[in-house]
1. With the calculation restricted to Cα positions, what are the radius of gyration and Dmax of region 26-115 in angstrom?
2. Tell me, in nm to one decimal, what length is gained between LYS173 and ASN2 on full extension, where the rule is 0.36 nm per residue of separation less the Cα-Cα distance?
3. Where in the chain are the DSSP H helices whose C-alpha atoms run 20 Å or more along the long axis and whose mean Kyte hydropathy is at least 0.0?
4. Just want the ordering: MET157, MET1, from fewest to most Cβ atoms lying within 10 Å of their own Cβ.
5. Among the listed pairs LYS24/LYS54; LYS139/LYS170; LYS38/LYS65, which have their C-alpha atoms separated by more than 30 angstrom in this model?
6. Taking a spot 7 Å from the Cα of ASN149 along the direction of its beta carbon, which residues of region 106-120 have an amide N less than 20 Å from it?
7. So what's the chain giving for Cα Rg divided by 2.2 N^0.38 Å, two decimals?
8. Suppose every Lys and Arg Cβ carries +1 and every Asp and Glu Cβ carries -1, with no other charges. What dipole size does region 55-116 come out with about its Cα centre, to the nearest 20 debye?
Amino acid sequence: MNRNDKDLIQQTDRFFHYFGQQEKRAYQTQESVEAVRKLNEDSIQLVFGFRNFKRNLLILIINCKVQGFNFPLLVDHIAREAEYFMNSLQKFNNGIVEPVQDAIIHENVFWLRIMMEHSRFIASLLDQSERNLVVTARKFGDDFETLLNQARDVESMLYRKKPTYPIIGKMNKDSESKYN
């Protein structure tokens, strides 16, 4: 961020501190359902604040109120990861289990998009004189985009339908074999 954005920098520093404290607490938490649920609830609240901070930052960036080197898509990307983490903890705490087929589809769609974006962010941040690395990162991004589109097609065809595991197995196999 720009050094003039002192309030935003201070908020960022506070989140860095709070997440460090939460990590320490996680290592010290007793292995009981109640203790883990409490840790999760507190983590949800912390991540909720962080997600809102990122969403507000995104609005400021889009409206040219903040300058710097934060790509709007990267800020959105981080907010989506936070949202995903919050939702995962809430489901865990509430004992919510999606049907296996739907859970697999959702996981694939979410993580393939995240990996596509990671690859593209890396490609844009590399020294462009490192041509082979740039090409490789772009290719990863393109490959993840292809897999993402295939996963979205499967999602469209099968969401909340009776289980059809063979196609899900193929989707997972395609995703795993590409990068193992």
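Each value in this text was obtained by applying a stated rule to the coordinates, not by laboratory testing. Fair warning: this is a prediction, and the values are worked out from it, not measured in the lab. With ideal geometry, Cβ positions are generated from the backbone for all residues, glycine too; neighbour counts draw on all protein chains shown.
1. 16.0, 47
2. Stretched out fully, the LYS173 to ASN2 stretch lengthens by 57.1 nm.
3. 33-62, 100-125
4. Lowest count first: MET157, MET1.
5. Beyond 30 Å: LYS38/LYS65.
6. So the set is 106, 108-120.
7. Compared with the compact-globule rule of thumb, the chain sits at 1.22.
8. Result for region 55-116 is approximately 260 debye, rounded to the nearest 20.
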